[in-house]
1. Check Ile88, Ile93 and return the single one that is closer than 23 Å to Ile213 by Cβ and touching a strand residue (DSSP E or B) at 6+ places or on another chain (Cβ under 6 Å).
2. Which ones in the range 99-131 are under 27 Å from the mean Cα position of the chain (by Cα), part of a helix (DSSP H, G or I) and either over 16 Å from Leu150 (Cβ atoms) or not aliphatic (A, V, I, L, M) (or both)?
3. Quickly run through the range 224-237 and pick out the residues that are under 13 Å from the mean Cα position of the chain (by Cα) and either outside any strand (DSSP E or B) or not assigned by TED's automatic domain parsing to the domain that holds Pro307 (or both).
4. What number of residues within the range 53-74 satisfy the criterion of being under 14 Å from Ser94 (Cα atoms) and either hydroxyl-bearing (Ser, Thr, Tyr) or buried (at least 20 other Cβ atoms within 10 Å of the Cβ) (or both)?
5. Given the options Phe290, Phe272, name the one that is in the same structural domain as Glu237 (by TED's automatic domain parsing) and modelled with pLDDT under 85.
6. Residue check, Arg267 against (1) closer than 19 Å to Gly232 by Cα; (2) at pLDDT below 85, all met but one. Which one?
7. Could you run through the range 11-28 and say how many residues are in contact with a helix residue (DSSP H, G or I) (Cβ under 6 Å, 6 or more places away or on another chain) and within 13 Å of Asn78 (Cα to Cα)?
8. List pairs: first in the range 78-93 and closer than 17 Å to Lys64 by Cβ, second among the hydroxyl-bearing types (Ser, Thr, Tyr) and crowded, with 18+ Cβ neighbours inside 10 Å, Cβ under 9 Å, 6+ apart or cross-chain?
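The values are calculated or read from the model by the stated rules, or taken from the named source; none is laboratory data. Model, not experiment: these values are computed from the prediction. We place every Cβ from the backbone using ideal geometry, glycine too, and count neighbours over all the protein chains shown.
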Amino acid sequence: MDNILEVRNLRTYYHTRTRTVPAVDGVDFTLKPKEILGLVGESGCGKTTVARSVVGLINRRNTKIESGEILFKGQELNGMDSHRLCGIRGKGISMIFQDPFVSLSPVYTVFSQIYEVMKAHDPEITKAQARGRIIELLQNVGIPSPELRLDDYPFQLSGGMQQRVMIAIALANNPDILIADEPTTALDVTVQAQVLDLLLQLRDRYEMAMILISHNLAVVASICDRVCVMYGGVVVEEASVYDIFDHPMHPYTKGLMASIPSISGDRKEELFSIKGNVEVIEPPVTCCRFCKRCERATEECRLSEPPLVEVGPGHKVRCFNRDRED
């Protein structure tokens, strides 16, 4: 099987009493076994909504997957009944949530929270059987003296150790795909590096594919094989991590690269920022989603939305003016 996950024309909209927000508005990507794919973009671009749509963790009271296909090992997840989807979620596809301080329950021990996930997919497993497996998991994610931490509560752990517990929960059932949503949020730089190195080690140990969601380009550069840059609910550029950093083509991607501070640059020079603010885009979309913030926008950009086209091997860009010199 070439691709373990295929997402085709995914559209997930938020509905309120007064408006419809196309949070994800036609996203396509694939994921190969053992590949690490980065989803990059500003807050509100749709990264987390894509991930939650894939695993079926959307609030169906005000959120709806309008259309699209989500194929996991050839199985269509969109529209699958909740019982079957629960059998895949946490086992076939698992997720590390953004904030361990919120995601971990403060009233249950580390052992209880990992055991609950294991028992959901193996009802016959006993606490005695699970204990050795959980100790091994905690050891694999780098928690020292794991047998002494089993009965700790989250508030007894540091932020870095809480994140490692979250990773252990995600790995409890040996998933084929791990989705990591901002896994280094609220961690200091040293612990960030440790967590990223740990994810690489675990990818090799468990032979799993991974989707890394981040707005931190340094994190993406250090761990990803391929990158999808998102803006306004769509992918505006997709390429290998080397092409994205060495030869960005979309104005938004170039703006993200230019905003990275350099230790060798002039300290008196003002750091570049993309002008304007992120807008809430409402359907139907009749222009380039980035045109109001783009210095290269033309009349064509304001009158129609550019398609995502392949401009090189594995390199796709959504821009009418991609061939223009800056």
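1. Exactly one residue qualifies, and that residue is Ile93.
2. Pro100, Phe101, Val102, Ser103, Phe111, Ser112, Gln113, Tyr115, Glu116, Lys119, Ala120, His121
3. Correct list: Cys224 only.
4. Here the count works out to 4.
5. One residue alone meets the criteria, Phe272.
6. (1)
7. Of the residues in the range 11-28, 1 are in contact with a helix residue (DSSP H, G or I) (Cβ under 6 Å, 6 or more places away or on another chain) and within 13 Å of Asn78 (Cα to Cα).
8. Pairs that qualify, where the first residue is closer than 17 Å to Lys64 by Cβ and the partner is among the hydroxyl-bearing types (Ser, Thr, Tyr) and crowded, with 18+ Cβ neighbours inside 10 Å, are Asn78/Ser53.
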